[in-house]
Amino acid sequence: MSTKQMLHIGMIGTGSISDLHMRCYAKNEDAVIYAICDLNEERAKAAAQKYDAQSVYTDYREMLEDPHVDAVSICTWNNTHAEFAIAALEAGKHVLLEKPVATNVEDALRIEEAVKKSGRTFIVGFVRRYDNNMQMMRRFIDAGEFGELYYAKASILRRHGNPGGWFADKSRSGGGPLIDLGVHIIDQCWYLMGRPKPVSVSGNTYRKLGNRAHIEHLSFYKAADYSAAVNDVEDMANALIRFENGASLAVDVSFTLHARGDESSVKLYGERGGFELEPETLIVTEKNNTILNIEPQTDNTGLHIHSAFQNQIDHFVDCCLNGTEPISPIADGVASTRMLCGIYESAEKGQEIRLD
């Protein structure tokens, strides 16, 4: 009989992102999806059947009382993150929480305090950190290939890509493309720049086009609860973030924009060289008084979201079972929330906001 220790996973929320979690847990030999929880019992039962989970719940509190559940993935509306994460930690469960950790700094700090008190593993779902090309560039940076990284710029611009449903309902999401898409690319750049302390932000948000549900002939990603009835989030946001070490980051994101096409770019610039991660990984450097553009030979030219999710889930399981140090800890989730909330505040007040 095998005595191998297995991590029993409870899934909270079965919306679109949850299937990426469950698919990866199913491929991990040290984890088993034990319980599924969702307000929609039919959807929870369907997920349980698909992944052979033993228990189904519609109340997360009941699931957290189950002694067989070791760890949870929380894939729910942003406004529920703090409540669910704190309850899970207090119940002695390890937690993987989808980004953003919270819709305000106060809740993020409450989660951080709960993590410290619990002693449980806690990972923020900054999935792009786990992309193979990201980690490869992290090693180049650590080896000093680029020198000090002092400027970064990043964009995710959708011309027609408002997911509707809870994504477009500010009361549940906390905001639009900034908190949904911007959170990823801000974290990518900040992480690669060495996580310098953010000291100020200047941002703008725009609500000019609405959800453009009338547009025909172009398909787009829709939330599991898609509806165009509610849309009180921004169409587009941009910001400049300044750091204590003098570095800066420029970012812009949109759900909808009168653009020729969708755009995605992540670029960082250093004293000895620079690099791009999106749309393709590229290194720029100098040798023998000559500027070189270098294309690393890797399995994927840019972000490969499925392998990034697998790496993230595998890392979470390893942290829970073996005490490995998390790559994306709660402290980084708090810093991210400070930057996001600062941008929204700056846009509302029309002025730069100090974060220190």
Violations at 22 Å Cα threshold for listed pairs K93/K116; K27/K267; K222/K349; K99/K170; K4/K27 -> K27/K267; K222/K349
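For the chain, give the magnitude of the charge dipole about the Cα centre (Cβ charges: +1 Lys/Arg, -1 Asp/Glu; no others), in debye to the nearest 20. Spell out each step's value before the answer.
Values: 36 positive and 50 negative charges, 97 e Å.
My answer is approximately 460 debye.
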Output for region 1-38: trypsin sites (Lys or Arg not before Pro) sitting in coil per DSSP, at most 12 other Cβ within 10 Å, listed by number, reads K4
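How big is the antiparallel share of DSSP beta bridges in the chain, given as a percent to the nearest 5? Spell out each step's value before the answer.
Details: 39 of 67 bridges.
Antiparallel bridges make up about 60 percent of those DSSP assigns within the chain.
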Per-residue ellipticity at 222 nm attributable to helices in the chain (runs of n ≥ 4 DSSP H, -39500 (n - 2.57) apiece, nearest 500 deg cm²/dmol) works out to -10000 deg cm²/dmol
Counting only protein heavy atoms and rolling a 1.4 Å probe, one gets per residue an accessible area for the chain in Å² of 47
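Could you tell me which GluC sites (Glu not before Pro) in region 166-262 are loop residues by DSSP with no more than 12 other beta carbons within 10 angstrom of their beta carbon? Let's see the in-between values first.
Working: sites: E216, E234, E244; in loops: E216, E234, E244.
Here the sparse-neighbourhood loop sites are E216, E244.
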Straight-line reach check, K45, cutoff 18 Å on alpha carbons, 8 or more apart in-chain or any other chain, hits among lysines -> none
Expressed in nanometres to one decimal, the distance between label points 7 Å along Cα→Cβ at E348 and E148 is 3.5
Expressed as a percent, the accessible surface of region 244-356 that is carbon or sulfur, using a 1.4 Å probe and the full set of protein chains, is 43
Check: C-alpha center region 267-307 vs C-alpha center region 131-200, spacing in Å is 17
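With charges only on Cβ, +1 for K and R and -1 for D and E, what is the dipole size of region 7-127 about its Cα centre, in debye, rounded to 20? Don't skip to the end; give the middle numbers.
Working: 12 positive and 19 negative charges, 57 e Å.
With Lys and Arg at +1 and Asp and Glu at -1, about 280 debye.
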Here, GluC sites (Glu not before Pro) of region 12-54 satisfying both criteria (DSSP loop; at most 13 other Cβ within 10 Å) are E29
For region 92-151, the accessible surface attributable to carbon and sulfur atoms (probe 1.4 angstrom, ligands and nucleic acids excluded) amounts in percent to 45
By accessible area (1.4 Å), largest first, T290, T285 order as T290, T285
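The values are calculated or read from the model by the stated rules, or taken from the named source; none is laboratory data. Quantities reported herein were computed from a predicted structural model and do not represent experimental measurements. A quick note on method: Cβ atoms are made from the backbone with ideal geometry, for glycine too, and the neighbour counts reach across all protein chains shown. When the accessible area is computed, the model is the full protein with side chains, heavy atoms only, and any ligands, DNA or RNA have been set aside. Shrake-Rupley method; radii C 1.70, N 1.55, O 1.52, S 1.80 Å.
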